[in-house]
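This report refers to the structure that appears directly beneath it.
Laboratory data are not the source of any read-out in this text; all were calculated from the coordinates shown. What you are looking at is a predicted structure, and each value in this text was computed from that prediction instead of being measured. Neighbour counts run over all protein chains shown; Cβ positions are idealised from the backbone, glycine included.
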Amino acid sequence: MSLELQVNYRKAEEKDWKKVLELYNCLSAEDLYLRFFSYHKLSEEEAKKIVSGGDHYTIIVELGDKIIGEGTIYTDGEFALVVHPDYRRLGIGTEIVKRLIEVAKEKKFCGVKFYTLPDNYPMIRIGKKLGFTITEDSDEVFGYLKLNCN
Ligand code: COA
């Protein structure tokens, strides 16, 4: 779908932590669970860790001076993302995943993967659209996309 919003995708930097925290403060308990597989409010320390890199690479989505999306991929290829509730269904989640796949290819990862819940239609839809193999059981969905790491 065409995206009219002037959004900017870039690697997260340390200075972004407060805006990442603001993004997380707008999320429902369910959204937080889907992102972290646990129910908890993000702390300042955790927001700082997300933007700090190290064992992971984080992409943020900017709209004006706000951060409205975030996606993180770890060295084992697992990734997770979130989009601000007011800006969903505009293709931002799909674009974040496409860009995380590009990061994984540059880093020569052998595959990328995600875990989610069976009722997370948007995430499963993104996975199917982008060619992931989706394995569903009653309490979890696993998405895997093999990359060429040789
Ligand atoms: N009902 C029906 N379809 C929906 C939908 C809804 N509520 N929300 C999204 N979709 C569809 C879109 O139409 C699109 O399909 P299409 O390309 O066939 O039109 C697909 O799902 C992806 O939509 P997109 O706009 O790219 O994603 P998004 O920006 O809305 O973000 C999530 C998707 C999953 C990141 C967002 O819903 C979110 O932040 N959820 C909470 C956290 C989460 O679940 N993270 C994933 C952890 S792995």
Check your understanding: If packing is taken as the mean number of other Cβ atoms within 10 Å per residue, what is the order of 95-101, 137-143, 106-112, highest first?
Key -> 95-101, 106-112, 137-143
Practice item. State the extension gain, in nm to one decimal, for the chain segment bounded by residue 30 and residue 74, taking 0.36 nm per residue of separation less the distance between their alpha-carbons. Key: 13.6 nm
Point to revise | Helix-only [θ]222 nm of the chain, DSSP H runs n ≥ 4, -39500 (n - 2.57) each, per residue, nearest 500 | key: -9500 deg cm²/dmol
**Study point:** Nearest-0.05 FRET efficiency for residue 136 and residue 8, computed from C-beta distance (R0 25 Å)
**Key:** 0.15
Revision key, fill the gap. In the chain, helical segments from DSSP H whose Cα atoms cover 20 Å or more along their own axis and that average at least -0.5 on the Kyte-Doolittle scale are 92-106
Practice item. May I ask which of 11/108; 19/129; 18/108; 19/108; 49/113 have a Cα-Cα span longer than 24 Å here? Key: 19/129; 18/108; 19/108
Exercise for review: Using Cβ-Cβ distances only, list the Cys residues of the chain with no partner cysteine under 4.7 Å, sorted by number.
Suggested key: 26
Review point. So if R0 is 25 Å, what FRET efficiency would residue 117 and residue 41 give, r being the distance between their Cβ atoms, rounded to the nearest 0.05?
Key: 0.80
**Study point:** Sorted by Cβ density within 10 Å, fewest first, the residues 40, 84
**Key:** 40, 84
**Study point:** Geometric extent, Cα atoms of the chain - Rg, Dmax (angstrom)
**Key:** 14.6, 41
Check your understanding: Which FRET efficiency, nearest 0.05, do residue 88 and residue 149 yield, Cβ-Cβ r, R0 30 Å?
Key -> 0.40
Exercise for review: Between residue 48 and residue 107, with labels modelled 7 Å along Cα→Cβ, what's the label distance in nm to one decimal, could you check?
Suggested key: 2.2 nm
**Study point:** Student exercise, the chain dipole from Lys, Arg, Asp, Glu Cβ charges, in Debye to nearest 20
**Key:** 560 debye
